[in-house]
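Derivation of every value follows stated rules applied to the coordinates shown; laboratory data play no part. Treat the numbers as computed from the prediction; the structure is a model and nothing was measured. Positions of Cβ are backbone-derived with ideal geometry, glycine not excepted, and every protein chain shown enters the neighbour counts.
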Amino acid sequence: MAQTFTGRKRIRKFFGKIKEVAQMPNLIEVQKASYDQFLQIEEPKGGRVDDGLQAVFKSVFPISDFSGAAMLEFVKYEFEQPKYDVDECRQRGMTFAAPLKVTLRLIVFDVDPDTGAKSVKDIKEQDVYTGDIPLMTMNGTFIVNGTERVIVSQMHRSPGVFFDHDKGKTHSSGKLL
């Protein structure tokens, strides 16, 4: 008996002579794998590939102040467990998300005004809560404010409305696409 990707059994009636030509592809797997690659939740903290969210943090950090007296470095990020599961988020009207904590290191330098040489004065490392990141469900959807949502990628956005006028006269027209 054929099963859908959600695991529910449906009775399929075939009226053709060929029963099953090819296995039904799981089209959502590409979306789920892409989002998992972006977040890298399952990867160990030190062994993340420079891709996705890790690459975003690496491109932004380190941040230095204009005088060179302090520098903020990115160390790692980690996701905590979601507070509520998928069903509870649907019932309560909440977003299915996991808290993201980023470990940052602040390095304060002593700058010699005569030579401009830097020496490390103080180093502080701290976990910073940066927000809740929505998580994808097993069906490849997101739960936002209790409603199941799907991301649909667009190849080309339609321009919308064109307005035209007849060179200073009183007549103007519009075309809605």
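State, as an integer percentage, the relative contact order of region 29-149 based on alpha-carbon contacts under 8 Å between residues 6 or more apart.
This gives 23 percent for region 29-149.
If all Cα-Cα distances of region 28-125 are sorted into 10 Å bins from 0 onward, what percent lands in each bin, rounded to whole numbers?
13, 30, 27, 17, 9, 3, 0
First check a/c for region 80-159, with a ≥ b ≥ c the square roots of the eigenvalues of its C-alpha gyration tensor; if it is under 1.5, answer rounded, and if not, answer prolate when a/b is larger than b/c or oblate otherwise.
The shape class here is oblate.
Once a ≥ b ≥ c are taken as the square roots of the eigenvalues of the Cα gyration tensor of region 47-99, is the result rounded (a/c under 1.5), prolate (a/b larger than b/c) or oblate (a/b not larger than b/c)?
Because a/c hits 1.5 or more and a/b exceeds b/c, region 47-99 counts as prolate.
If you place +1 on the Cβ of every Lys and Arg and -1 on the Cβ of every Asp and Glu, how big does the dipole about the Cα centre of the chain come out, in debye to the nearest 20?
Charge dipole of the chain: 1540 debye, to the nearest 20.
Which lysines does Lys58 reach when only Cα atoms under 27 Å apart count, and residues fewer than 8 places away in its own chain are ignored?
List returned: Lys32, Lys45, Lys76, Lys101, Lys118, Lys121, Lys124.
Check which residues have an amide H placed less than 5 Å from Lys76's amide H, if you skip close sequence neighbours.
Thr103
Between (1) 23.5; (2) 10.6; (3) 9.9, which matches mean projected area of the Cα convex hull in nm² calculated for the structure shown?
So the calculated entry is the one marked (1).
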